[in-house]
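The values are calculated or read from the model by the stated rules, or taken from the named source; none is laboratory data. Owing to the predicted nature of the structure, the values given are computational and were not obtained by experimental measurement. Neighbour counts are summed over all protein chains in view; Cβ atoms, including those assigned to glycine, are modelled from backbone coordinates with ideal geometry. Accessible surface is based on the protein model in full, side chains and every heavy atom, while ligands, DNA and RNA are left aside. Shrake-Rupley method; radii C 1.70, N 1.55, O 1.52, S 1.80 Å.
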Amino acid sequence: MSTLVSTPLADLLLARLSRDAAQPLQRQLYAAIRQAILDGVLVAGQRLPSTRALASELQLSRITVTLAFDQLQAEGYLQARHGSGTFVGHSLPSSRQVPPPATASVPPQTMLSQRAGQLLARPKTMLAPAGAFVPGVADTRHFPFAIWQRLQNRRGKQDAALLSGYDTSGGYAPLRRVLADYLQVSRAVRCHPDQILITTGTRQSLDLCARMLADAGDRALVEEPCNTSSRLVWQAAGLVVDGVPVDQEGICCDQMAVSGHPAPKLVLTTPAHQYPLGIPMSLPRRHQLLAYARAQGVWIVEDDYDSEFRYDSKPLPALQGLDDHERVIYLGTFSKVMYPGLRLSYLVVPSSLAPAFRVALTQLYRPGQLVLQAALADFIDAGYFATHIRRMRGIYAERQQVLRQALQQHFGPEFVLSGGHAGLHLTLQWQHPLDADGWAVRAAAQGLSLRLLSYYRQQAQDGNGLVLGYGAVATEDITDSVRLMRDVCDA
Ligand SMILES: Cc1ncc(COP(=O)(O)O)c(C=O)c1O
């Protein structure tokens, strides 16, 4: 077993220490020795100088060196042997022997579950997921972050002890109360605050519905096309997910029953603003869907993801508000009205399901974030939420107008345009197949994001459409971006 000649080690360590850095010297020394071990400069079994000797060579206090050694021992990098000194641990391989983590490549399918296989088998699309014209993303530059931060700070200071634990009640009660009022007024959702559960995103709401209302292998229906990751969440929960076509009135209820297939347990739909086609579900179709759900004992999951931004004067009320037989579960999110990284959303469940859902939410996900939820209740209560929505509705309406004009100017009547009465995107469909993959790749090279309609389809289909988001592109950039899009399509 070799003993270190201490001077080269001291030189190496000295080169990695900076007395001017903000990080404490003890932490720097710990990191320097650890790195030397990982790099194989120090090898297993090698003896280190005593803390006294090393402190003197590095001109550090002995306590600094001792603390660094203690930390390395606690993590197993070093081992102290009574009476004989401190040695590099035997159980740690050097980084030369450790292959780098395979972040860039997809792991071999044999190591993964079938569910993971479904999750990873995505069509190519998510090129350049930012800016013009990435769909579904709100513009956060106008969000009143200073007010929001102040409200969070106040709650964090005043109520930290009260709000820092897990939550077992389905979410902060005053938030559920203001939400119930807001949903009643703005979306005609009929609910008691106890029917509301606060979640960390629509995906969690969907996951909870799948786990509570269906078993692995049960059939569930989604719209075709639909939000891809919503479908994947249900598949990952073990459901067999079938797509049902959408026509000009919404999901085609008369195509839900397929001979030889069991009745579905769940149907996921976006009645206010079909995602991604942008069509509102007609009133007759809503009643047909509710009648089907009642007759078949099916649960309807209504994803009302962006209807706060609506531009027509007479919006249809939420499906939930039309339901007299407790078949609808209503989902909403703050990702579009506030900002996506907030991770706050909610579901409104029939009162008969609420107690069970509360228990499951607690057992499955251990919710918390109560300071955030309290700040959000204050934000809504004080009127900031309504003001922000009003302001953004005006901005988005103008953007949609500019986008429509630019499309008209550069593309003319080439495609059929849908959506536009609400939300943050327009959908363009051509009558013939396109080289849409090529467009998307060329657009990405120009910093433009062209999302293919085919991305949202479960059934492979020739690309004939694009979904253009106007939420995250500045109004003054829209016309130039459409001109660029024309060039890309012509290239
Ligand atoms: C159809 C649909 N539902 C819901 C959401 C919001 O999801 P989350 O609440 O997880 O941010 C999105 C976001 O893009 C969406 O496209």
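Within region 438-449, being open to solvent by 80 Å² or more (accessible area, probe 1.4 Å) and part of a helix (DSSP H, G or I) holds for Val441, Ala445.
Can you find a residue in region 265-280 that is modelled with pLDDT under 95, open to solvent by 20 Å² or more (accessible area, probe 1.4 Å) and more than 16 Å from the ligand (Cβ to nearest atom)? No: zero hits. When Ala22, Ala68 are checked against the criterion of being at pLDDT 90 or above, within 41 Å of the chain's Cα centre (by Cα) and not hydroxyl-bearing (Ser, Thr, Tyr), a single residue qualifies: Ala68. Identify, please: which residue in region 223-241 is touching a strand residue (DSSP E or B) at 6+ places or on another chain (Cβ under 7 Å) and without any contact (Cβ under 8 Å) to a residue 60 or more places away in the chain and is, among those, nearest to the ligand (Cβ to nearest atom)? Filtering first and then ranking leaves Glu223. Among the residues making up region 134-187, those that are in contact with a Lys or Arg (Cβ under 8 Å, 6 or more places away or on another chain) and closer than 27 Å to Tyr365 by Cα are Gly136, Ala138, Leu163, Tyr166, Thr168, Ser169, Gly170.
Do you know which of the residues in region 390-437 that are open to solvent by less than 80 Å² (accessible area, probe 1.4 Å) and polar (S, T, N, Q) is farthest from Pro315 (Cα to Cα)? The residue in question is Gln429.
Only residues that are surrounded by fewer than 24 Cβ atoms within 10 Å (Cβ to Cβ) and assigned to a loop (DSSP other than H, G, I, E, B) were counted in region 348-359, giving 4. Cβ contacts < 7 Å: first residue over 13 Å from Met392 (Cβ atoms) and among the hydroxyl-bearing types (Ser, Thr, Tyr), restricted to region 332-350; second residue near the ligand (Cβ under 8 Å from one of its atoms) and part of a helix (DSSP H, G or I), any location; separation 6+ or different chain. Result? The qualifying pairs are Thr333/Thr202; Ser345/Thr202; Ser345/Ser205.
Residue check: is Ile300 closer than 30 Å to Tyr166 by Cα, within 16 Å of the ligand (Cβ to nearest atom), without any contact (Cβ under 8 Å) to a residue 60 or more places away in the chain and in the same structural domain as Gly243 (by TED's automatic domain parsing)? For Ile300, the condition - closer than 30 Å to Tyr166 by Cα, within 16 Å of the ligand (Cβ to nearest atom), without any contact (Cβ under 8 Å) to a residue 60 or more places away in the chain and in the same structural domain as Gly243 (by TED's automatic domain parsing) - is met.
Out of the residues in region 306-347 meeting the condition of being farther than 20 Å from Arg390 by Cβ and acidic (Asp, Glu), tell me which one is most open to solvent (accessible area, probe 1.4 Å). Only one residue tops the list, namely Asp324.
Can you tell me which residue within region 160-179, out of those that are charged (D, E, K, R) and surrounded by fewer than 23 Cβ atoms within 10 Å (Cβ to Cβ), is farthest from Phe357 (Cα to Cα)?
Looking at the filtered set, the residue picked out is Arg177.
Residues in region 213-222 that are away from the ligand (no atom under 14 Å from the Cβ), buried (at least 22 other Cβ atoms within 10 Å of the Cβ) and either over 15 Å from Arg115 (Cβ atoms) or modelled with pLDDT under 95 (or both): Leu221 only.
When you look at Arg393, is it more than 16 Å from the ligand (Cβ to nearest atom) and farther than 18 Å from Gly136 by Cβ, yes or no? Taking the combined requirement at face value, the residue does not satisfy it. When region 73-123 is filtered for residues that are at pLDDT 85 or above and among the polar types (S, T, N, Q), the ones remaining, listed by number, are Gln73, Gln79, Thr86, Ser113. Only one entry of Ser186, Ser205 meets the criterion of being in contact (Cβ under 8 Å) with a residue 60 or more places away in the chain and within 16 Å of the ligand (Cβ to nearest atom), and that entry is Ser205. Looking at region 339-360 only, could you name the residues that are away from the ligand (no atom under 15 Å from the Cβ) and touching a strand residue (DSSP E or B) at 6+ places or on another chain (Cβ under 7 Å)? Across region 339-360, the qualifying residues are Val349, Phe357, Arg358.
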